[in-house]
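Chemist: Following this message is one structure expressed as structure tokens.
Since every read-out is calculated from the coordinates, none of them should be taken as a lab result. Remember, predicted model here, so these are calculated numbers, not experimental data. No Cβ is skipped: glycine too gets one built from the backbone with ideal geometry, and neighbour counts run over all protein chains shown.
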Ligand SMILES: C[S@@+](CC[C@H](N)C(=O)[O-])C[C@H]1O[C@@H](n2cnc3c(N)ncnc32)[C@H](O)[C@@H]1O
């Protein structure tokens with residue numbers, strides 16, 4: 001692309017809710033992730049593999065600057081920089097974009113010495129492949145790293161992502177262009193359009209042929225799970241970007257092997273999807289930025305808790321572990337617990353919750 005230029009120059013001309021959500025999630029996650037690692041590890045790296053130009057129309061910062069700003073404006077910034085060096089690696093194939101991004105970075109005044117920024121021109125996956133091979137052949141670990149992978153298309157090297165995930169303290173946040181991917185799979189299954197090799201490479205085999213949901217949302221959810229398996233991540237969390245009906249344009253997929261990474265991303269997702277739909281919808285009304293349900297429906301969580309306690313008391317710590325794989329937050333469990341207590345249906349003793357037998361409830 002170096003000689004050809006950015007194939008989608010219009011990408012930078014508009015800044016909509018989907019871009020905003022992408023950037024809000026990065027900011028919210030890094031705000032908590034930087035101190036988690038930065039207070040002890042000595043080095044922390046943020047990789048933006050498809051970094052772009054650094055800014056959108058209307059002076060809206062792109063992901064590299066959002067990540068940098070999160071650290072620069074962090075309340076614990078000085079303490080973090082005392083304990084760790086923070087390296088920001090911005091990879092960008094298009095020379096013009098890379099040079100604009102470099103200009104944006106240079107305009108930041110008084111960048112602290114312990115914040116190191118590299119804008120690397122070139123193909124992200126080639127650069128990463130060389131880096132991963134070098135670390136592996138030297139038998140070295142990677143410094144704790146957050147990778148934001150945000151290509152235009154859906155061509156992703158699943159094998160490389162899986163190798164990156166094998167390092168100890170790595171988080172992946174991938175923008176999966178579901179609309180294109182879904183269409184490619186559909187066409188391939190119908191008539192064989194020469195995409196099979198690409199799809200096999202992404203999914204690490206032909207299991208994608210079994211993605212057969214009725215709706216695009218169902219298929220996207222199956223795709224997210226398949227990608228998580230392919231990359232070998234213990235946890236996956238995704239937010240769907242939905243436009244017009246149930247058409248999933250893309251989803252943002254967070255992959256981690258750490259329980260606290262899963263908990264943190266769940267918290268972040270609830271801030272952008274307060275209704276619990278795990279989807280961001282583009283509003284049909286231009287005056288309304290995002291259409292979101294404000295209040296989550298906790299009925300399914302209530303049913304789950306009551307069913308879970310049916311056989312006897314359960315430690316709250318155990319419930320907390322079990323809740324991790326569900327979309328619900330720990331705070332929601334507290335809300336449901338309070339409601340059931342008020343209805344005299346539940347008792348908390350020590351660290352355990354149990355259901356109250358009907359007669360006993362009369363005396364509480
Ligand atoms: C969706 S845009 C990135 C937006 C940016 N992450 C943000 O949120 O501000 C995709 C970028 O990837 C670049 N790109 C495309 N192929 C690439 C590759 N193989 N390696 C690195 N960058 C690439 C494009 O030039 C474009 O700037």
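Chemist: Quick check: residue separation of residue 200 and residue 183 times 0.36 nm, minus the Cα distance between them. What number comes out in nm?
Modeler: Going from the current span to full extension adds 4.6 nm.
Chemist: Using a Gaussian network model of the chain with C-alpha springs under 10 Å, which one of 118, 94, 48 is most mobile by mean-square fluctuation?
Modeler: 118
Chemist: Return a whole-number percent for the relative contact order of segment 142-277, with Cα pairs under 8 Å and 6 or more residues apart as the contact set.
Modeler: Reported as a whole number, the value is 26 percent.
Chemist: Quick check on segment 155-224: take the gyration tensor over C-alpha atoms, sort the square-rooted eigenvalues as a ≥ b ≥ c, and tell me if it's rounded (a/c under 1.5), prolate or oblate.
Modeler: Here segment 155-224 falls in the prolate category.
Chemist: Among DSSP beta bridges whose residues both lie in the chain, state the antiparallel percentage, nearest 5.
Modeler: Taking every DSSP beta bridge with both residues in the chain, the antiparallel ones total about 50 percent.
Chemist: Using a Gaussian network model of the chain with C-alpha springs under 10 Å, which one of 134, 32, 143 is most mobile by mean-square fluctuation?
Modeler: 134
Chemist: To continue, here is another question. To make sure I understand, if each residue's beta carbon is the centre and we count other beta carbons within 10 Å, what order do 185, 142 fall in, fewest to most?
Modeler: 142, 185
Chemist: May I ask you to compute the full-extension gain from residue 137 to residue 191, defined as 0.36 nm times their residue separation minus their alpha-carbon distance, rounded to one decimal in nm?
Modeler: Stretched out fully, the residue 137 to residue 191 stretch lengthens by 15.2 nm.
Chemist: Using the number of other C-beta atoms within 10 angstrom as an exposure proxy, rank 75, 215, 237 with the fewest first.
Modeler: In increasing order of surrounding Cβ atoms, one gets 75, 215, 237.
Chemist: Sticking with this structure for a sec: If contacts are Cα pairs under 8 angstrom and at least 6 residues apart, what is the relative contact order of segment 9-291 in percent?
Modeler: Relative CO of segment 9-291 lands at 16 percent.
Chemist: Another question, if that's okay. Taking neighbour Cβ counts within 10 Å as the exposure measure, how do 211, 164 sort from fewest upward?
Modeler: 211, 164
Chemist: Which angle between 0 and 90 degrees, to the nearest 10, do you get for helix 216-231 versus the longest principal axis of the chain when only C-alpha atoms count?
Modeler: 70
Chemist: List, largest first, the extents of the alpha carbons of segment 22-67 along their principal axes, each in whole Å.
Modeler: Between the extreme Cα coordinates on each principal axis of segment 22-67 lie 38, 18, 13 Å.
Chemist: Using only DSSP helix segments of four residues or longer, with each worth -39500 (n - 2.57), what per-residue ellipticity at 222 nm results for the chain after dividing by its residue count and rounding to 500?
Modeler: -13500 deg cm²/dmol
Chemist: Between 191, 224, 98, where does the largest GNM mean-square fluctuation fall for the chain, given springs only between Cα atoms within less than 10 Å?
Modeler: The residue with the greatest mean-square fluctuation here is 191.
Chemist: So how far apart, in nm, are the two label points at residue 210 and residue 130 if each is 7 Å from Cα heading toward Cβ?
Modeler: In this crude label model, residue 210 to residue 130 measures out at 3.9 nm.
Chemist: Using only Cα atoms, find the angle between the long axis of helix 95-106 and the longest principal axis of the chain, and express it within 0 to 90 degrees, rounded to the nearest 10.
Modeler: The angle comes out near 70 degrees.
Chemist: Could you calculate the contour length gain from residue 311 to residue 40, that is, 0.36 nm times the residue separation minus the distance between their Cα atoms, to one decimal place in nm?
Modeler: Length gained between residue 311 and residue 40: 93.2 nm.
Chemist: Could you tell me how many degrees, from 0 to 90 and to the nearest 10, lie between the Cα long axis of helix 63-72 and the main elongation axis, the longest principal axis, of the Cα atoms of the chain?
Modeler: With both axes taken from Cα atoms, the answer is about 70 degrees.
Chemist: Report the per residue volume, in Å³, of the convex hull enclosing the C-alpha atoms of the chain.
Modeler: Spelled out: Cα convex hull of the chain, divided by residues, is 181 Å³.
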